[in-house]
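Following: one structure in structure tokens, then a few remarks.
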Amino acid sequence: MNSSRRQKQRKVLLMGKSGAGKSSMRSIVFSNYVAKDVRRLGATIDVEHSNIKFMGNLMLNLWDCGGQDGFVENYLTHQRAHVFGSVAVLIFVFDIESREFAADVVSYSNIIRALSECSPGAKVFCLIHKMDLVQARLRSQLFEERSEYIRAASETFKDTVDFFPTSIWDQSLYKAWTQIIYFLIPNAATIEGLLRQLAEVIDARELILYERTTCLMVTHVTRDEESQNPFTDRFERISSILKTHKQSMAKHTNIPPGSANFAEMQIKTGRFMFFITRLTENTNLAAAIPPSEQVFNAARINIMLARSKFAELDIANKPRPGLQQA
Amino acid sequence: TGRLPNNKAGDGKPRLLLMGQRRSGKSSISSVVFHKLPPSETLYLETTTRIKKESMHSFMDFQVWDFPGHLDYFDPAFDVDNIFDEIGALIWVIDAQDEYLDAIVRLNATILNLHQTYPNINVEVFVHKVDGLSDDFRNEVIQDITQRVMDELSDNGYENAPVSFYSTSIYDHSIFDAFSKVIQKLIPQLPTLEALLDSLIRNCHIEKAYLFDVLSKIYIATDTSPTDIGSYEICSDYIDVVVDVSEIYGWDRGDDEAQAGNNENAINDAESLITLEKKSNNYLYLREINKYLALICLMGDDSPADKKPLIDYNVGVFQEALAQVFPRGEK
Ligand SMILES: Nc1nc2c(ncn2[C@@H]2O[C@H](COP(=O)(O)OP(=O)(O)OP(=O)(O)O)[C@@H](O)[C@H]2O)c(=O)[nH]1
Ligand SMILES: Nc1nc2c(ncn2[C@@H]2O[C@H](COP(=O)(O)OP(=O)(O)O)[C@@H](O)[C@H]2O)c(=O)[nH]1
Ligand SMILES: [Mg+2]
């Protein structure tokens, strides 16, 4: 982690058979599409590039690779070094409904081989996608079976490949992408340390840091009793809630979804207080605190004061700054 | 417009009857609106074979009866009185993606039949599944259905029948909007509620205020300024946000109740506020009014963030007034 400059650009390949759902998930996570809009997407021709600025010091360089056989053939032959060179992450999408699962895995192996040749240090994530089409009670078993089969074909990545069941129709999509992003953020530990200090200063039950455009979680800190919160999927659920709300707000105010941001949202009840507010240029901070106006007001002030510390983090890997109470 | 239903004896709970051809979408509608079933899962619903009666306990009690499509309500073996006595509204569902002439014939026969005995029944026609139709075609279908129903009724000597038409789909907010309007006709206090909301928005520079039944997301009243589906949508989506977050962090911590009892400053009614980045003004405001109802306000463009005390005060006044006219759901 000493060459922080080079780590800023991270190349991510998004691959899988045509129709598997790659562009759909990309549009939802990164371009503010809603699930039902993706029907309008056409098949991807060759590679579509997008650069996504993430947490200031991380630039995702996403290659959405059209999955029709002709294109794949081309990636593997003429463009082999160009496509598979210096890859940080490969995300391979399998369509659970595919009638040619075995063939899909063969194609996956070819890609894996190219990857291990050109970028042996890359990380592989496999998404078993469109899980909504499988009856709920059959999902986990089918997912396990497919994962094992694919793992067996993962060659040098056998021990490191990670699997996620996904669907654009629920928060599973956010769960998977949160893990992927977490893997890519170079200074996650530093951010976490700072966040923990902040949580202690303001006596928060939980703090969650979200990237603003994608609403993906960067990291979170959970304290004391809140670790017993029975909703273990709450981080991706909140991602999905925030994303949906952003769209709803954009539609109503005629502001483009990319910039339909709230300055603050607060919810106060007899059991908890919650607010989410801007922390840095690229992040929002959600805080769950005990139900008390005093704590609430103090927390807001302290977060305001902590902004500059996080802003420094946002730009470069600086030594861990300390926090003072307001 | 709060017209009382045929409220004779009986339990006095208004009844919403869902009728229409087989597969027109009746069970889907009641599952989506009253049981929060995700619309895509209605594909797996089984055909209704018997009348399904459900009681809804919310800001008011009412019943929803889901009828199987093929039933002949006027078969002598069938106790008509028993069905239509307590009726609040007859909701007739027509599948707009299907041939609808038969449905219209049956609808008209039903209306004419009921007209003799129960002239005051509200007939609400849901032209349903319009999500599959283009905007132009959708309007055409609604026009055509309206025309055919009204013409045929007047040919049979029934002029100006109390029939309303709505275009609906379970895949968007339209079904909730239609249900809201149907239910509002059954609330005798509606004019008072509207007057209260009018005065609230005048005092606080609110653009639009809705009184929502939180569980079903039906709105039972709004101020009398013009309504558009867009304002309803944003408020309804906002309820989802607040309800979801409240579920996530409102989990039972055990000693909670005791604590709340001791703490004099404890908040009784949940509230929520969103301020926008672009203008740094208040944008959306939600306040729990009682166990069932929440007030949701779309703030005007000129509502600065520091106007909160004014809102608090006026909402308090509103809340008290509401408790007088609508003494339901006290905690
Ligand atoms: N049921 C279901 N359908 C999905 C899901 N994700 C995507 N789809 C559908 O899958 C189809 C293909 O999606 P795309 O995203 O264009 O596929 P792609 O992988 O980018 O295809 P190429 O660009 O040709 O490689 C679309 O019709 C989507 O609506 C999902 O989670 N569930
Ligand atoms: N496209 C569309 N399909 C719908 C809608 N409402 C219901 N359906 C579908 O219509 C079919 C029949 O619905 P169901 O509720 O069983 O009809 P019922 O026999 O009248 O109770 C189901 O497959 C539903 O998924 C809608 O608004 N749009
Ligand atoms: Mg594509």
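The values are calculated or read from the model by the stated rules, or taken from the named source; none is laboratory data. Because the structure is predicted, anything quoted here is derived from the model rather than measured. FYI the Cβ positions are ideal-geometry reconstructions off the backbone, even for glycines, and counts take in every protein chain you see.
Across segment A:120-152, the number of residues qualifying as part of a strand (DSSP E or B) and within 16 Å of ligand 3 (Cβ to nearest atom) comes to 2.
If I filter segment B:95-114 for residues that are farther than 30 Å from B:Y313 by Cβ, part of a strand (DSSP E or B) and at pLDDT 90 or above, do I get at least one hit? Yes: segment B:95-114 contains one or more residues that are farther than 30 Å from B:Y313 by Cβ, part of a strand (DSSP E or B) and at pLDDT 90 or above. Can you say whether A:R80 is closer than 30 Å to B:G132 by Cα, surrounded by fewer than 16 Cβ atoms within 10 Å (Cβ to Cβ) and away from ligand 3 (no atom under 16 Å from the Cβ), as far as the supplied structure shows? No, not satisfied. Just to be sure before I move on: is B:I229 modelled with pLDDT of 80 or more and crowded, with 17+ Cβ neighbours inside 10 Å in the structure I sent? So B:I229 fails the test. Scanning segment B:180-216 for residues that are closer than 20 Å to B:V242 by Cβ and either without any contact (Cβ under 8 Å) to a residue 60 or more places away in the chain or in a helix (DSSP H, G or I) (or both) gives B:S180, B:L197, B:L200, B:C204.
Among residues of segment A:149-165 that are over 13 Å from A:F92 (Cβ atoms), those with a beta-carbon under 8 Å from a residue that is at pLDDT below 95 and part of a loop (DSSP other than H, G, I, E, B) at least six positions away or on a different chain give the pairs A:A152/A:K158; A:T156/A:P120.
Among all residues of segment A:249-261, there is at least one that is surrounded by fewer than 22 Cβ atoms within 10 Å (Cβ to Cβ), in contact with a Ser or Thr (Cβ under 7 Å, 6 or more places away or on another chain) and facing another protein chain (nearest Cβ under 10 Å).
Given the condition modelled with pLDDT under 90 and more than 9 Å from chain A (Cβ to nearest Cβ), answer yes or no: does some residue in segment B:263-271 qualify? There is at least one residue in segment B:263-271 that is modelled with pLDDT under 90 and more than 9 Å from chain A (Cβ to nearest Cβ). Of everything listed in (1) closer than 29 Å to A:S259 by Cα; (2) over 17 Å from the mean Cα position of the chain (by Cα), the single unmet condition for A:V218 is (2). Here A:E73, A:E117, A:E48 are screened, and the one residue that is out of contact with any Cys (no Cβ under 7 Å at 6 or more places or on another chain), of a type in the set (D, E, K, R) and in a strand (DSSP E or B) is A:E48. Looking across segment B:235-256, the residues that are surrounded by fewer than 20 Cβ atoms within 10 Å (Cβ to Cβ) and either facing another protein chain (nearest Cβ under 7 Å) or of a type in the set (D, E) (or both) come down to B:D240, B:D244, B:S246, B:E247, B:G250, B:W251, B:D252, B:R253, B:D255, B:D256. When residues in segment A:262-299 are screened for being of a type in the set (V, I, T) and either on the phi > 0 side of the Ramachandran plot or at the interface with chain B (Cβ under 7 Å from one of its Cβ atoms) (or both), 2 of them pass. Among the residues of segment A:11-44, just one is in a helix (DSSP H, G or I), free of Cβ contacts under 8 Å to residues at least 24 places away in the same chain and within 10 Å of ligand 3 (Cβ to nearest atom), namely A:S27. All told, A:I111 falls short of being in contact (Cβ under 8 Å) with a residue 40 or more places away in the chain, closer than 30 Å to A:T280 by Cα, more than 16 Å from ligand 2 (Cβ to nearest atom) and more than 14 Å from every other protein chain (Cβ to nearest Cβ). Being farther than 22 Å from A:C215 by Cβ, surrounded by 14 or more Cβ atoms within 10 Å (Cβ to Cβ) and within 16 Å of ligand 3 (Cβ to nearest atom) holds for only one residue in A:V47, A:V93, A:V105, and it is A:V47.
The C-beta contact set for segment A:190-211 (first residue buried (at least 20 other Cβ atoms within 10 Å of the Cβ), second residue in a loop (DSSP other than H, G, I, E, B) and of a type in the set (D, E, K, R), distance under 9 angstrom, 6+ apart or interchain) comprises A:L194/A:R320; A:A199/A:R205; A:A199/A:R223; A:A204/A:R223; A:R205/A:R223; A:E206/A:R223; A:L207/A:R223.
Candidates are the residues of segment A:44-67 that are on the phi < 0 side of the Ramachandran plot and modelled with pLDDT under 85; the one that is nearest to ligand 2 (Cβ to nearest atom) is A:I52. Entry remark, segment B:282-309: residues being in a strand (DSSP E or B) and modelled with pLDDT of 75 or more number 14 in total.
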